[in-house]
Structures are given as C-alpha cells and as structure tokens.
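The structure appears below as structure tokens.
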Amino acid sequence: MPINYIFPDYEVIRDKERCVKCLACVRQCANEVHSYDDKLDIMKACNSKCVNCHRCVSLCPTSALKIIKTDETFKINANWNNAAISDIYRQASSGGVLLSSMGNPEPYPIYWDKILINASQVTNPPIDPLREPMETKVYLGKKDSKIQRDEKGNIKYSKNPNIKLSVPIMFSAMSYGSISKNAHEALARAATELGILYNTGEGGLHEDFYQYGANTIVQVASGRFGVYKDYLEAGAAVEIKMGQGAKPGIGGHLPGTKIVGDISKTRMIPEGSDAISPAPHHDIYSIEDLRQLVFSLKEATDYKKPVIVKIAAVHNVAAIASGIARSGADIIAIDGFRGGTGAAPTRIRDNVGIPIELALAAVDTRLREEGIRNDVSIVVGGSVRNSADIVKAIALGADAVYIATSALLAMGCHLCRNCHSGKCNWGIATQRPELVKRLNPNIAYKRLVNLITAWEHEIKEMLGGMGINSIEALKGNRLMLRGVGLNEKELSILGISHAGE
Amino acid sequence: MLKEGQIRIPSGCAISGIFDKSGNKISGETIVKSIKIMHDRSNGLGGGFAGYGIYPEYKDLYAFHIFYDDTSAREETERFLEKHFDLVNLSRIPIKKTPKITNEPLIWRYFVNPLPTKLADNHLDEREFVSRCVIKINTEIEGSYVFSSGKNMGVFKAVGYPEDVGEFYRLDEYGGYCWTAHGRYPTNTPGWWGGAHPFSLLDYTIVHNGEISSYDANRRFIEMFGYKCTLLTDTEVITYIIDYLHRKQKLNLEEIACVIAAPFWSKIDKMSPKNKEKCEYLRNTFASLLITGPFSILLGFEGTMMALNDRLKLRSMVVAEKGDCVYVASEECAIREICASPDKIWSPKGGEPVIIKLNEEARQKCL
Amino acid sequence: MKRVYVNEEWCLGCHLCEYYCAYANSGEDDMIKALKDKKIYPKIKVEEGENISFAVSCRHCEDPLCVKGCITGALTQKDGIIEIDQSKCVSCYTCILSCPYGCVMPSETGAIQKCELCIKNSCGEPACVKGCPNNAIVFEER
C-alpha cells in the first residue's frame, strides 16, 4: 500500500561494462537482492532488500558492484530527518517496537577521541620496545589487603583466584544463538592461542568447546540458559550478567523458531520454545541478593574461580560498583552505552546508558576514595575500537578491556546492523547452515589472532613512548592523559587536565 | 607560577650516601664534601641531607624539624604539639647565615614523646600516632611544615646548592653513622623549602634521582591508605610506599625491592618454584606499587640504608666499600672525593637492592 | 606431490573457482576481456546436491586411466602431473568415459581439457585455490 511505502536506503549500482554475469552475487546474497533473467540475459537487483552488507561487492571478481546510499530523500529537515519520519511509518504500519542490532550509531560524543596520550622526552627517556622487555601481562581478580605470615615467617599466599591474561584484552560475551557456532569456535581458538579469554554469553557452552575451558568465561545471565554444574566447572571464571550496555534495564528474547537442534541443547530448553531472558534476575532484587548469588557460585565452584559481575553503565554506576565490590565479586565488568547487541529495541539502544569513558573514570575514582580499589579488577567494554582506546582505558583506571564489535569485524562483519533478521551474509549472526558455512573458523581465528597481536605491538610502542615498560604502571595513571575540546565538568569527571596544562 | 604541590615538577639530580656499619660517627662535613663535587648535577634550586645517629643524647625522643612561614603558624603548631606530645626540648635550629641561602623560613626543632594518655585514648601504636600527627600538621595548619620526624635522626634541607645548605645548617657540628645527601635540578622554580629532598616520614628518608612515569598510578593507589601526596613529588610517593610496605605490611627490604623494582615476568618464570611463587604473589598483590621510570634511590631508616636502581638501570649509581664503611653515589668521583682508595667499587644491577645494616654491636649502641 | 583438494564443509557453491579458472587459462591479462559475454569452459566444475556443494577437478591419479586409454598419446604424465597436448587430441572422448571422477571435459575447440594445476599459465599457484573466498580449495600434500 502506498501509505506503507518506505523508499530503500541503499541502491545497487552495477557497472555493466565490468559485469561478466558469473552469478556469484545471485548465489551469495541471502536477502535475494540479485537475480538473473536467463531469457533476457540481464542481471537485476531489488534495492529494497539490500542491507549494505557488501557480501556481493567483496566477492565480485571484476569489482563491478557498488552499494550507495540512496539520494532519494524527504525534504531536508534538521529535526524530522529521514530516519525519524520512516520510523513513524514503520510503527504506524506494524504497531510494534522498533528493533535494531549492533551498537548505538548516533552522533553522541566519543570521549576516546578527545583524550590525548603523553610521551616522555628529555627529563625521562622513552623506552624502545624492540630492545627492552615490555610487559603486558595482567592478573584479574581480588588482591590481598594484608600480608599474612605463618609461624616460620613465610608469606601465606592468597586464596583469591586470579585469571592471567597475556594482554589486557578479552573477547566480550556474545551468545551462541545470537552468533553462530563457527564464530564461537574462532573466538575460542583465538583466545587459547593468544593466552586470553572469551565469553560464552548467555547461550550456554556448546559441548564441542569444553576443550577450550581454560580460556572461557562462562556466563550466568537472567535466563540461566545452559547453567549446570559441569558448565560452571568448565570455565576459568564465572560471569553474572546483570546488564548490558546496549540495552540497560531490559532482558532479551530469542524467538522459538531459532531454538532448534544444538541451540536448544546448549541452552537446555525445549525446541521451539522462546528463549526469554527476563529484565532482572528474578532472584536478585537488591545488592544483598547479588551477594548471595556470588557466594552460591563460589560454593559451587569450590572458590577456585573468580566471579565477575557485568553491569551496564548507567547514571549511578559508581555507587553500584562500590556495592558490587563489597558483595564478594572479584571483577566488575562495565559495558558502556555504545555496546553492541544481536537485537535490542532501537529507542533503548540509542537513548539509555552513559559513555564508558565517564563511567570508568567515576567508578575508578569512587573505589579509590573508599579504599577498596584493590579488592576488585575493573574490565570495560562498549566500543573499544583500537589500541589507543585500550591505552586510554587503562590510564583512566581499567585493568583490562572487553571487545566484541572489533572481534566481529575481524571475522568479516561489515556492520550492516541487520543481525536481527538472522540472515547474516558473513556467517556470523545466523544459524542457517548454508550461511554459517561462510565463516571458516580456520580463517577467522587467525584474523582474530592477527588483530590482537597487532594491537599488542601498538600498545607496547605507546607504553615505551611514555617511558613505561610494564602495563601495571599505566593503570590509573591519569597524568599520562590530557583532554582536548572538553569542558570543565568533563575534565573533572575524567580526572584529567586539559592539553597545555 | 604554581607552587610545589600545585604542579608536578620533573627534575634530574645528584645523590650520595655514607654508612658506617660499626656505628662510628662520621662528621657531616664528609657528606657535604662528597655532594659538593657533583655541583653540576644540581642547579641550585634545592639541596638536603639526612643524618642518622646525630642526637644520641635524645635518642629515645622524636626529633621534629619544622618550617614556619610566620610566628602565628608556629604558635598554632605548638598548641597542637602540646595537646598531643610531651615537649622535652625546643629551640630554633642552629644555622649560620650565608648570602648563598636566602628567604629562609623560621626553622625550629623539638624533641618530643607522644603523651601516654593520648596514645591510650587513640588505640594506635606509637609510630602510627606520630605519623598521623605529622600528616595532620602538614595538611591542616597553614604555613607549617614538619620536614623531619624520626628518632635520633634529622633532615636538613633548603633551596640552594647542597654544599651551601650543609654550611647553612652547620653540618660539620653533627656526627652520625649514616648520612644521605641530595642536590636538585628541577625544571621549574619551586621557591619552597619544603619541596627539597630528602623527603621523610618518621625515620624513613628518601633521596632520589630520577623521574617516575608511574607516578600517578602509584599515587592514586597509595592514597587509599591514609596518605596524602600534597607535594606531588616522586620522592614523597616513594617514601609513602616504603612506609606502607615496611611499617604497615611488614615486608622486609628484599620483598620491598620485589614490589617496587619487580623482576621481569620472563625472569620470574625462570626462578626456582619457591621464589617464583613469592615474586609472582608480591608483584601481583601490589601491582600498582611497581615504580617505573628512571630512578636511583637511597632509603634510610633506623640502622639501615638501601640503595636501589630501576630495573632498566636508567640512572647511574656506584657503590664502594672500605672496611666497615659503605659509600653510594651518583658518580664515582663523589666517592673518591671522600675515600680515595676503596677496597671494592662497583655498579649494582638494575632492580637489585644493596642493603647495608648496622652490625649487632652497633645496633645496641646506636638504637 | 601437491594436489588441489576440496574441503567440502567450506564450499559455498559460489562457483567463483570456475570463473577464476577460466580467466587464468584464457591467455588474456584482463578478466573482463576474458570473461565478458563469453561462455566459459572452466577446468574445475562445482557439483551441487541437497545441502552440499563441491568443486571437482583432476585428481592427477598415480595410476591414471585416462592416460592408459588415450589412443594418440595426447595425455601424458610428467612428475605426477597429467598433461594434455591438445594438438594431438582427436576428440575420441575415451578419457572422458574412463575418468572415474568426471573431471575431463571437451574444451571450446572440441579437444579435451582438464586441470593442469596452472603450470602452463602465468598464474603461479592454482587459480581456483587463490580465488576461493572460503579456503575450501587448498593446494597441499596429503
């Protein structure tokens, strides 16, 4: 119906001089954009189905394809832009909640890009990472506050379990169900080779991946999918998911049509039933309830594994973090408002939560003011895009970072933000076997290793430039940062001075 | 121009130290002679000394050396001291006026003991009580600064070349079993005497040559435990770290070196299992107290002196021995100036502490 | 000896191997010129079934039936690689019938053709291996 019509966002431009009609685009587009009319011997494209995932563009052997943003538009209106108008049409037509995938794409400020890093000169020499050892190893977990000795005077070592990382980077939670088994395999193998950890997300741990358990964080989310004794035993750490940066305050919903075969088995729910993760954990309505769950998990794992509590960055994140630190948790993971997701209501993703840079600075300062910073480690995520972001995060006070979107990009994702359709052309956010095939873990895991290795080298270069040879000397070292284009309040919250001071 | 404590001032410097293991007194003149020859390593903007064993007649009392901007600061401070301590002796510190040292504040010296009633009330051990009082005076009483607060030891410092500072305080009239000295080369004008080195808390003194890049990471960690880094200097934070690890966590000097100049992980991995476990535990528990950046420090405290370089050895340090005397300095010439032919002279490896202690007999005598 | 092997779990049925093969053996240096508006005769063919696809090319058998059956000696085996001299081929198609893998086929000219591991063109390593977007086709010793 004309009243429902929303013009396509993207147009497929085919250079007819270059196209050799190999039909790879027709065969590979899961959205059925391309077709070949053999009677007329012409190639056709249906723009309205195109999601700008670049699958056809990357595969075309003669580079004959181009996807462009349509120049069709409503009358230019800075307030009612194209998206605002089309969203109304969609909702008037469907009566439903708008759904989106991946992280907040709106132009809110990116504080990483307004922070600058120091380098040593003259009074303090920089260090050359190619000639001197440059250490990036970190331990996450609770540290002892008082040294105890036995009768002989020897130090009694800590009972607090810590996890060891070769670099302060971990792969963040992405559930099996939101991403494919092949994607999980790539993450697990890369984490093992690199000496870091990956996270199962709330979809449970597939039995084929128990072998990578030493490099796995098992997540206990509000739906408790796949949680049982062996699951908890299998991982190196247990993470309680209280919230997620992309959708603070709400839960998740994987429709029953996707709960089949291995997904159903791994989540331990019947095939065809909807997998609903409720908004709160229904046994955690307050901080003291959280403490109970933390200790239940520790009892179940014999106090051998650190417990992580993951929260979304919201307004009173500092107070919440302080409560969590006192609840017995070993590590606090904070997810900023730019965090990604397989599917979330658009309005929540784009309007709820706060930037991770500010949340991190506030939490680190608050925990130090209360004298409890050494009782927990802090891990942050929610759009860490490159090694400079990592250096800045650690200087603000983080022990390590969680990356997810960056990892997906390394595996082939083109951020077309159509994951919720389940037709990911790159084999990542889909369960359809013919699409999942497209993500070859042998290729993907190597790309993840390459990415983290490259970042490790860049981090070492930046550390050496600052005259530091050990990452722990950067943690919370805010004097190594300066701000540009930030107002007094922002500088004060971040705890850094302005460039020039 | 901001004052010390309002802005962080990087600096390069000179250090020197002498220690007689048998407890024999060394004249202050000797240490002045040693640091004088390293004149070019300073720029006249700060110099200072620490002497141990210099007040044998008051060896059981705390010796407070205090700077006052004016008389009202002195009066307020003395009121505070009288409430918390038994003042056994007080006087202006003896000085010799010299044109090379100008703008001096009022400098007073007190020999005190904590009031037993106050101690009992506060349920604190004596040293914690004294350190809290000192920190309270320094942060809360305007214009007053306690720059030395140990037993049978004293810090002498000012803005000027160290040899001139030594002359000003008449150090040739003092004798002690251990002396450390420092000459400063800061890159701004601090203009404030309290900013010179050594920095001290109780009987811990630190003289330091270097600039630590981990400063803010260290500061923001140590401030969780009641310390306030008001001067924003490296020496201040190092002293607080040593006080915390030694006095509060009761680590010995080797263990402290394992925290602040921790061996590289690659070296720890090759150690024997027992040492490996220990180093890994200490380094991990106190990860934020790892000091990075060039440094060469001389730590003094009751009966002991420790010399330590950062693990990449980015600052010079030379150690020598002759008989019972041990000498440490930034340059060999400073040692040879006061000890022409030592038995042994060497440069310690980065990260390896050199620990010098009074022998048993001397400990009975001096402590 | 290295051969072209296909790991069918990764084959997506995109048929790009066929086009890269045709281009590599076309003698042209421009892909568009080689392939545009032409029927291609690739020496590797993708076969598709229910849920599986698989690219078939000459196995360079150790004991080749095609060479045995060739009446003119157009097919020979040198260093393990089975080569065809098209000038000698009389199109009797005995080899097509004998090949148990179905990887010999008529070329554009009528003489037969088959994969020769890109040794006669300027490709270097086999074009199908280079062009496969999912590493389904590999060139290795087994």
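None of the figures in this text is laboratory data; all of them are computed from the coordinates on show. Only a predicted model underlies this, so the values are computations on that prediction, with no experimental measurement involved. Virtual Cβ from ideal backbone geometry, glycine too; neighbours counted across all protein chains shown.
Give the peptides B:245-253, A:402-410, A:93-101 in descending order of average Cβ contacts within 10 Å, highest first.
Peptide ranking by packing, descending: A:402-410, B:245-253, A:93-101.
Using modelled backbone amide H atoms (1.01 Å from N, in-plane), which distant-in-sequence or interchain residues come within less than 5 Å of residue A:220's amide H?
Hits under the 5 Å cutoff: A:239, A:240, A:241.
How far apart, in nanometres, would the label points at residue C:28 and residue A:17 be if each is projected 7 angstrom from Cα along the Cα-to-Cβ direction?
Label at residue C:28, label at residue A:17, 1.4 nm between them.
Rounded to whole Å, give me the distance from the Cα center of the range B:47-113 to that of the range A:222-246.
Measuring centre to centre over Cα atoms gives 62 Å.
Cα gyration tensor of chain B, axes a ≥ b ≥ c as square roots of the eigenvalues: rounded (a/c below 1.5), prolate (a/b > b/c) or oblate?
rounded
Using modelled backbone amide H atoms (1.01 Å from N, in-plane), which distant-in-sequence or interchain residues come within less than 5 Å of residue C:77's amide H?
C:83
Take residue A:442 and residue A:265, extend 7 Å from each Cα along the Cα→Cβ direction, and tell me the distance between the two endpoints in nm.
Spacing of the two 7 Å Cα→Cβ label points: 2.4 nm.
List the residues whose amide H sits under 5 Å from the amide H of residue A:253, counting only those 5 or more places along or on another chain, with H placed 1.01 Å from N in the peptide plane.
A:277
Would you kindly enumerate the cysteines in chain A that have no other Cys beta-carbon under 4.7 Å from their beta-carbon?
A:19, A:22, A:29, A:46, A:50, A:60, A:413, A:419, A:424
Where a Cα-Cα gap under 18 Å defines reach, which aspartates and glutamates qualify for residue B:100, not counting those fewer than 8 residues away within the same chain?
Answer for residue B:100, where 18 Å is the Cα cut-off: B:29, B:40, B:163, B:164, B:167, B:172, listed by chain and number.
Tell me the Kirkwood radius of the range A:439-501: reciprocal of the mean inverse pair distance over distinct alpha-carbon atoms, in Å.
The answer is 14.3 Å.
Can you compute the FRET efficiency between residue B:72 and residue B:121 using 1/(1 + (r/R0)^6), with r the Cβ-Cβ distance and R0 = 30 Å? Round to the nearest 0.05.
Result of the calculation: an efficiency of 0.60.
Just want the answer: with Cβ charges of +1 for Lys and Arg and -1 for Asp and Glu, which residue in A:466, C:110, A:259 is farthest toward the dipole's positive end in the protein assembly as shown?
The residue sitting farthest along the positive end of the dipole is C:110.
Calculate one ³J(HN,Hα) per residue across the range A:298-309 by plugging θ = phi - 60° into the Karplus curve 6.51 cos²θ - 1.76 cosθ + 1.60, and present them in order as whole Hz with x for glycine and proline.
5, 4, 5, 10, 6, 6, 9, 10, x, 9, 9, 10
For the range A:2-96, what is the charge dipole size about the Cα centre, in debye to the nearest 20, if Lys and Arg each add +1 at the Cβ and Asp and Glu each add -1 at the Cβ?
Charge dipole, the range A:2-96, about its Cα centre: 160 debye, nearest 20.
Over 20 Å between Cα atoms, which of B:228/B:357; B:21/B:157; C:2/C:43; A:137/B:267; A:142/A:392; A:114/A:137 qualify?
Details: B:228/B:357 30 Å; B:21/B:157 25 Å; C:2/C:43 18 Å; A:137/B:267 13 Å; A:142/A:392 23 Å; A:114/A:137 27 Å.
Table pairs above 20 Å Cα-Cα are B:228/B:357; B:21/B:157; A:142/A:392; A:114/A:137.
Just B:299, B:106, B:202 to compare: in a GNM of chain B, with alpha carbon springs under 10 Å, which one fluctuates most?
In this elastic network of chain B, the residue with the biggest mean-square fluctuation among B:299, B:106, B:202 is B:106.
If you plug each phi of the range A:313-320 into the Karplus form 6.51 cos²θ - 1.76 cosθ + 1.60 with θ = phi - 60°, what whole-Hz ³J(HN,Hα) values come out, in order, with x for Gly and Pro?
7, 10, 4, 9, 4, 5, 5, 4
Can you give the average number of partner chain beta-carbon atoms within 10 Å of each beta-carbon in peptide A:125-138, as a whole number?
For this peptide, the per-residue mean of nearby foreign Cβ atoms is 3.
Could you work out the local net charge near residue B:131, counting Lys and Arg as +1, Asp and Glu as -1, over the other residues with Cβ closer than 9 Å to its Cβ?
Details: positive: B:127, B:132, B:247; negative: B:128, B:243.
In short, +1.
Tilt of helix A:356-369 relative to the longest C-alpha principal axis of chain A, in degrees (0 to 90, nearest 10)?
Helix A:356-369 sits at roughly 10 degrees to that axis.
Can you return the aspartates and glutamates within cross-link range of residue B:365? Criterion is Cα-Cα under 19 Å, with same-chain partners fewer than 8 residues away left out.
Residue B:365 reaches B:20, B:57, B:60, B:203, B:302, B:324.
Starting at the first residue of the range A:201-217, write each ³J(HN,Hα) from the Karplus equation 6.51 cos²θ - 1.76 cosθ + 1.60 with θ = phi - 60°, in whole Hz, x for Gly and Pro.
For the range A:201-217, the Karplus-derived couplings read x, 8, x, x, 10, 5, 4, 5, 9, 4, 5, 9, x, 5, 10, 10, 9 Hz, x marking Gly and Pro.
For residue B:52, what is the net charge nearby, where nearby means another residue's Cβ is under 14 Å from its Cβ and Lys, Arg count +1, Asp, Glu -1?
It works out to a net charge of +4.
Helix A:441-465 against the longest principal axis of chain A: what's the angle in degrees, Cα atoms only, rounded to the nearest 10?
Helix A:441-465 and the main axis of chain A meet at about 50 degrees.
Any idea what the dipole of chain B comes to, in debye rounded to 20, about its Cα centre with Lys/Arg Cβ at +1 and Asp/Glu Cβ at -1?
On the way: 46 positive and 48 negative charges, 138 e Å.
Result for chain B is approximately 660 debye, rounded to the nearest 20.
What residue among B:288, B:91, B:200 has the largest mean-square fluctuation in a Gaussian network model of chain B, using Cα springs under 10 Å?
Evaluated over chain B, the most mobile residue of the options is B:91.
Highest mean first, what order results for A:278-285, B:254-261 on Cβ atoms within 10 Å?
B:254-261, A:278-285
What ranking do B:350-359, B:172-181, C:8-17 get when scored by the average of other Cβ atoms within 10 Å per residue, highest first?
B:172-181, C:8-17, B:350-359
Cross-chain or 8 or more residues apart, Cα under 17 Å: how many lysine pairs in the range A:2-96 fit that? Count them up, please.
For the range A:2-96, qualifying lysine pairs total 8.
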